[in-house]
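Each remark here refers to the structure printed beneath this line.
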Amino acid sequence: MAGLMTVDGVTMEFGGLRALSDVNIEIEEGEIFGLIGPNGAGKTTLFNCITGVYDPTHGRVEFAGGAITGKRPDQIVDLGICRTFQQIRLFPNMTAMENVFIGVDARHQTSVFGSMFRSPRHHREEEEGETKALEFLEYCGIRKYANDLAKNLSYGDQRRLEIARALGTKPKLLLLDEPAAGMNPVEKNGLRDLVRKIRDSGVTVLLIEHDMKVVMGLSDRVAVLDHGERIAFGKPEEVQKDPKVVEAYLGTGAGGQAGQTAPGGTAGSGSQGG
Amino acid sequence: MDCNPGLIGPALITGLILGSLYALIALGYTMVYGVLKLINFAHDAVFAFGAVSTWYILGQVFGLVGPQSGLTLVIVLLAFLMIGGLASGGVAVGLERVAYRPLRKRHAARLSYLISAIGASFFATYMLQQDFLPFMLGPGPRQYPNVIEAGAAGFSFSLMNVRVTGPRLLVVVAAFVCFFILDRLINKTSTGRSIRALSEDPVAAQLMGVNVDRVIVTTFFVGGFFGGVAGALYGTLFGSIAWNLGFIPGIKAFTAAVLGGIGNIRGAMLGGLLLGLIENGSTICIGPEWKNVIAFTMLPLVLIFRPTGIMGERIGG
């Protein structure tokens with residue numbers, strides 16, 4: 001296995017608040033990498049640093065051999081990183097297919113004139129794009145909702161649609177931010193199968209998840225963040241036994257030990273508004 | 001107040017013609033609002049450049065005067081609409097670059113955009129009043145090339161006791177063709193999808209690979225383009241233009257956009273047509289000098305009773 005992404009000493013400060021402190025993580029190609037930690041540990045902040053929403057105060061992120069720190073989010077998508085959101089951020093008044101199409105469009109080139117006057121290239125890209133968008137919906141098990149507005153899908157299906165939309169951009173690395181949040185046990189099982197299927201298709205997955213059963217069952221390796229610092233790192237079974245991890249979860253009063261199901265889906269983890 | 005039923009026909013037809021113009025201009029306000037949540041108050045100047053550019057390029061440079069006919073007329077008319085559209089689209093893009101983008105990069109407060117827009121609008125308008133460059137109109141009115149015969153010799157037909165001339169028909173037909181093209185562009189193409197995505201959630205759009213700057217430029221261009229088409233139609237309809245031609249149609253179109261639901265493209269079309277019909281419909285019962293009073297009364301009325309306008313804020317259909 002080769003290194004796909006390196007998070008190298010990333011520190012993120014908002015005013016006086018230090019949300020991430022010298023975080024180092026290396027993701028290898030083809031793995032499912034779990035990122036866990038109590039609410040407010042900085043997990044979503046790290047996602048924002050990787051995807052270009054934030055520019056880290058110190059440190060850098062390298063992806064596929066080049067630095068991506070300082071690039072625009074859409075440029076990072078072009079390089080092959082795409083994500084989902086902890087709080088669902090679909091385009092609510094667009095159909096499920098159009099949502100995925102936005103991701104697929106990221107790889108297209110038509111100009112506004114091509115669109116306005118229906119150039120042959122535009123026509124071809126639209127037809128191919130529609131086929132691809134439907135394939136990704138099928139892949140995520142929600143093809144039957146292709147023509148429904150995203151806002152009318154059930155919560156679990158909206159989470160699947162977010163994954164389909166991200167896959168539409170053809171990522172090498174997929175970042176999932178609490179994909180199981182708000183799902184019932186049946187939906188969670190389906191999600192686990194989907195994430196494995198995505199990995200087996202050759203996409204590396206970086207997963208933030210509160211549900212310990214989901215994250216420990218899926219991940220090849222796990223890193224634990226607490227108060228913006230990486231406090232543990234390794235195979236799931238090792239990390240679960242790490243006293244620092246147990247302490248982090250008990251100490252914050254999160255109500256569950258590592259290895260058990262921590263309360264999932266609580267809003268406000270990370271520093272999204274910062 | 002005594003109503004004159006004989007005026008119903010003229011009011012409807014004039015309302016439809018002017019309403020089509022308002023609607024075309026309103027598209028620019030509503031599109032920019034849809035993606036940036038910003039009222040582009042300089043759009044009246046963008047519209048004016050559609051008339052000024054065609055007056056200068058086709059009238060002054062190519063020396064087009066007098067009515068054309070047959071195929072020549074069709075080509076000339078297409079040239080008018082395209083040149084007007086491209087010129088205004090270009091002005092709108094330039095405006096975005098100069099007056100808005102620097103503010104956007106600095107995450108300026110919303111009020112700053114409004115002030116910048118008003119400044120840009122007055123700057124462009126009063127530049128047209130100067131005469132040190134050939135395309136500037138100077139202080140007086142200028143004759144616009146009358147390529148369609150609007151007099152007794154020209155094409156016309158009678159509808160509800162109103163004489164519908166070539167220019168009048170052209171305004172309505174061209175406007176509806178534009179509505180059709182834009183509606184398809186927004187709802188059926190990749191460009192339209194990215195505009196809608198940006199209007200719904202700019203952060204998510206960028207994180208799904210949408211190049212935000214490019215889509216914003218596209219939005220200004222497309223809105224400006226249709227404003228420019230409206231400018232060329234305005235010149236053809238009235239036969240003369242002056243440096244401040246953008247002012248009244250501009251704020252009428254803004255009113256129309258609010259009436260239809262600012263940010264909503266079909267709303268802008270509907271709002272424009274309705275505003276034209278309402279203000280001209282009022283002349284059936286009260287004097288024409290009340291037209292503007294009635295039109296602008298719509299602004300507070302809409303904001304009080306239906307703040308999101310008739311069709312709400314959604315940009316797409």
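The values are calculated or read from the model by the stated rules, or taken from the named source; none is laboratory data. No experiment lies behind these values; they were computed from the predicted model shown. No Cβ is skipped: glycine too gets one built from the backbone with ideal geometry, and neighbour counts run over all protein chains shown. These area figures cover heavy atoms from the full protein model, side chains too; ligands, DNA and RNA do not enter into them. Shrake-Rupley method; radii C 1.70, N 1.55, O 1.52, S 1.80 Å.
Structure notes:
- Counting only residues that are open to solvent by less than 40 Å² (accessible area, probe 1.4 Å) and either in contact with a strand residue (DSSP E or B) (Cβ under 7 Å, 6 or more places away or on another chain) or at pLDDT below 90 (or both), segment B:286-308 holds 1 of them.
- With respect to the conditions (1) open to solvent by 10 Å² or more (accessible area, probe 1.4 Å); (2) aromatic (F, W, Y); (3) more than 12 Å from the chain's Cα centre (by Cα), B:Y234 falls short on a single one, namely (3).
- If you filter segment B:1-42 down to residues that are in contact with a Gly (Cβ under 7 Å, 6 or more places away or on another chain) and aromatic (F, W, Y), you find that the one that is farthest from B:I262 (Cα to Cα) is B:Y22.
- Yes/no for B:L36 being of a type outside the set (G, A, S), under 24 Å from the mean Cα position of the chain (by Cα) and either on the phi > 0 side of the Ramachandran plot or surrounded by 20 or more Cβ atoms within 10 Å (Cβ to Cβ) (or both): yes
- First in segment A:222-234 and over 14 Å from A:I27 (Cβ atoms) and modelled with pLDDT of 90 or more, second anywhere and in a strand (DSSP E or B) and charged (D, E, K, R), Cβ under 6 Å, 6 or more apart: A:G228/A:R18
This table checks each residue for (1) over 18 Å from the mean Cα position of the chain (by Cα); (2) β-branched (V, I, T); (3) within 18 Å of A:G42 (Cβ to Cβ).
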position: A:V186; (1), (2), (3): yes, yes, no
position: A:G190; (1), (2), (3): no, no, no
position: A:D200; (1), (2), (3): no, no, no
position: A:A223; (1), (2), (3): no, no, yes
position: A:H227; (1), (2), (3): yes, no, yes
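- Search result, residues across segment A:110-149 that are within 9 Å of chain B (Cβ to nearest Cβ) and either open to solvent by less than 90 Å² (accessible area, probe 1.4 Å) or touching a strand residue (DSSP E or B) at 6+ places or on another chain (Cβ under 7 Å) (or both): A:T110, A:S111, A:V112, A:G114, A:S115, A:M116, A:H122, A:E125, A:E126, A:G129
Listed here are the residues, each with its yes/no results for (1) at pLDDT below 95; (2) open to solvent by 10 Å² or more (accessible area, probe 1.4 Å); (3) outside any helix (DSSP H, G or I); (4) of a type outside the set (D, E).
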{"position": "A:T69", "(1), (2), (3), (4)": "yes, yes, yes, yes"}
{"position": "A:D78", "(1), (2), (3), (4)": "yes, yes, no, no"}
{"position": "A:F85", "(1), (2), (3), (4)": "no, no, yes, yes"}
{"position": "A:R89", "(1), (2), (3), (4)": "no, yes, yes, yes"}
{"position": "A:P92", "(1), (2), (3), (4)": "no, yes, yes, yes"}
{"position": "A:M97", "(1), (2), (3), (4)": "no, yes, no, yes"}
{"position": "A:V104", "(1), (2), (3), (4)": "yes, no, no, yes"}
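- Selection status of A:L194, over 15 Å from the mean Cα position of the chain (by Cα), of a type outside the set (F, W, Y) and at pLDDT 95 or above: no
- From B:G28, B:G19, B:G9, residue being surrounded by fewer than 18 Cβ atoms within 10 Å (Cβ to Cβ) and either in contact with a strand residue (DSSP E or B) (Cβ under 9 Å, 6 or more places away or on another chain) or under 15 Å from B:I251 (Cα atoms) (or both): B:G9
- Any helices (runs of 4 or more DSSP H) falling wholly within segment B:204-317 and containing at least 2 residues that are farther than 29 Å from A:G103 by Cβ and of a type in the set (S, T, N, Q): B:291-305
- Restricting segment B:265-317 to residues that are of a type in the set (D, E, K, R) and more than 24 Å from A:F91 (Cβ to Cβ) leaves a set whose member that is farthest from the other protein chains (Cβ to nearest Cβ) is B:E289.
- Restricting B:L114, B:L71, B:L128, B:L64 to those that are open to solvent by 80 Å² or more (accessible area, probe 1.4 Å) and either at pLDDT 95 or above or farther than 22 Å from B:I17 by Cα (or both) reduces the list to B:L71.
- When the residues of segment B:168-225 are filtered to those that are among the small types (G, A, S) and more than 8 Å from chain A (Cβ to nearest Cβ), the one that is farthest from B:V32 (Cα to Cα) is B:A174.
- Taking the conditions (1) within 13 Å of A:F85 (Cα to Cα); (2) assigned by TED's automatic domain parsing to the domain that holds A:Q240 in turn, A:R159 satisfies each one other than (2).
- Restricted to segment A:1-36, and to residues there that are in contact with an Asp or Glu (Cβ under 6 Å, 6 or more places away or on another chain) and modelled with pLDDT under 90, the residue that is farthest from A:G70 (Cα to Cα) is A:M1.
- B:T189 satisfies every condition listed in (1) touching a Ser or Thr at 6+ places or on another chain (Cβ under 9 Å); (2) more than 22 Å from B:L95 (Cα to Cα); (3) surrounded by fewer than 23 Cβ atoms within 10 Å (Cβ to Cβ); (4) in contact (Cβ under 8 Å) with a residue 12 or more places away in the chain except (4).
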